[in-house]
Amino acid sequence: MLSAKKLFQEILDNDESFRLFCSIAAGGESQGGWENGRIAALAPESQRTLVPKIARHGADEDKHGRIFNALLKRRGLQPVEVPYETDYTLLLERHGIGLAHEQLKRDEPLTEQDIITYLAHSRVTEQRAFEQMALLLRYFADHPDLGRAVKMISNDEDNHLSYCHEELLRLARSGHGRTIQRILRECALTEIRVYRDVSLAAMDHMGRILGWPRAKAAVLAAAIRGLYAYERLVGWRRMVSLAPPERPDALGGPPVPAPEYA
């Protein structure tokens, strides 16, 4: 019987699938670090108080990228090139979610609307990251190699999600509520489609590396499509709700250093 734990364990036990898993994760985290760094540098005067938190968000994402690369190094492995169809962060940007990289590369101040777009995009994608890390934490918190990394990244993702809730609620109270809900809905509906496509592509690559039989690959693909159907029907709503965070001012302090091996 297939289970998430057995599937992850199979990927982790094989060097080539582990290389791909960590390379995909490291690439996405590093890209998120760059994006947040640029947003912090270009934030408008009206939102300058957010700059330390945006910078902290970026520092955390960059740290996560280093952690995944360090996990590869500990096994004597080098990163591999991330296949285009598995690049979640890049595909979201290509689908118009978040702030375009061309805009972030220019030295032009962002607007308050841009900051709302950034936070709404982050609210949706951090929900996904929070859930993925919660799953890994459930199964691998005591893993000799992954345990420390999973615990640290999971804690950071909790902070990031709390930060997004808190700042979007602040902006909603200042009159941006309708705009926030519109952007959240657009982001969520696009994200679940991109996540489906990336998941199918990643499992296709993993299946070829691990030699999965056709029946097993078909079951996994059906499960991914089933999840998308649920998310398209009602599941997307969890990504657009806003509530007072359990961790107020979650990004108010300095970033927690990465483990020594990173």
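The set of residues from the stretch 186-210 being in contact with a helix residue (DSSP H, G or I) (Cβ under 8 Å, 6 or more places away or on another chain) and basic (Lys, Arg) comprises Arg193, Arg196. Per the listing Glu167, Glu157, the residue uniquely touching a helix residue (DSSP H, G or I) at 6+ places or on another chain (Cβ under 8 Å) and over 17 Å from Leu242 (Cβ atoms) is Glu157. Residues of the stretch 222-250 being of a type in the set (Val, Ile, Thr) and surrounded by 12 or more Cβ atoms within 10 Å (Cβ to Cβ), which ones? Listed by number, the residues that qualify are Ile224, Val240.
Between residues in the stretch 33-51 that are farther than 14 Å from Gln103 by Cβ and residues that are open to solvent by 40 Å² or more (accessible area, probe 1.4 Å) and assigned to a helix (DSSP H, G or I), which pairs lie under 6 Å by C-beta distance while being six or more apart or on different chains? Going by the 6 Å Cβ cut-off, the qualifying pairs are Gly33/Asp62; Ala40/Ala55; Ser46/Glu112. With respect to Gly98, determine if the residue is open to solvent by less than 20 Å² (accessible area, probe 1.4 Å) and touching a Phe, Trp or Tyr at 6+ places or on another chain (Cβ under 7 Å). Yes; evaluated as a whole, the condition is true for this residue.
Just one of the listed residues (Leu50, Leu71, Leu20, Leu42) is surrounded by 19 or more Cβ atoms within 10 Å (Cβ to Cβ) and either closer than 16 Å to Ala149 by Cα or acidic (Asp, Glu) (or both), namely Leu71. The numbered conditions (1) touching a residue at least 40 places away in the same chain (Cβ under 8 Å); (2) within 28 Å of Gly252 (Cα to Cα); (3) hydroxyl-bearing (Ser, Thr, Tyr) are all true for Ser17 except (2). All conditions but one from (1) farther than 23 Å from Asp158 by Cβ; (2) surrounded by fewer than 16 Cβ atoms within 10 Å (Cβ to Cβ); (3) free of Cβ contacts under 8 Å to residues at least 60 places away in the same chain apply to Val219; the one that does not is (3).
Taking the stretch 201-249, which residues are on the phi > 0 side of the Ramachandran plot and charged (D, E, K, R)? Answer for the stretch 201-249, where residues must be on the phi > 0 side of the Ramachandran plot and charged (D, E, K, R): just Asp249. Among residues of the stretch 161-173 being open to solvent by 30 Å² or more (accessible area, probe 1.4 Å) and among the hydrophobic types (A, V, I, L, M, F, W, C), the one that is nearest to Ala258 (Cα to Cα) is Leu169. Within the stretch 121-160, the set of residues being farther than 29 Å from Leu50 by Cα and open to solvent by 10 Å² or more (accessible area, probe 1.4 Å) comprises Leu135, Leu136, Leu137, Arg138, Tyr139, Ala141, Asp142, His143, Pro144, Asp145, Leu146, Arg148.
Kindly evaluate Gln103 against the criterion of being open to solvent by less than 50 Å² (accessible area, probe 1.4 Å) and over 23 Å from Pro245 (Cβ atoms). It is true that Gln103 is open to solvent by less than 50 Å² (accessible area, probe 1.4 Å) and over 23 Å from Pro245 (Cβ atoms).
For the stretch 187-216, filtering for residues that are more than 23 Å from Arg238 (Cα to Cα) and either open to solvent by 40 Å² or more (accessible area, probe 1.4 Å) or in contact (Cβ under 8 Å) with a residue 60 or more places away in the chain (or both) leaves 14.
The values are calculated or read from the model by the stated rules, or taken from the named source; none is laboratory data. Quantities reported herein were computed from a predicted structural model and do not represent experimental measurements. No Cβ is skipped: glycine too gets one built from the backbone with ideal geometry, and neighbour counts run over all protein chains shown. Each accessible area value is taken on the protein alone, full model and side chains, heavy atoms only, with ligands, DNA and RNA left out. Shrake-Rupley method; radii C 1.70, N 1.55, O 1.52, S 1.80 Å.
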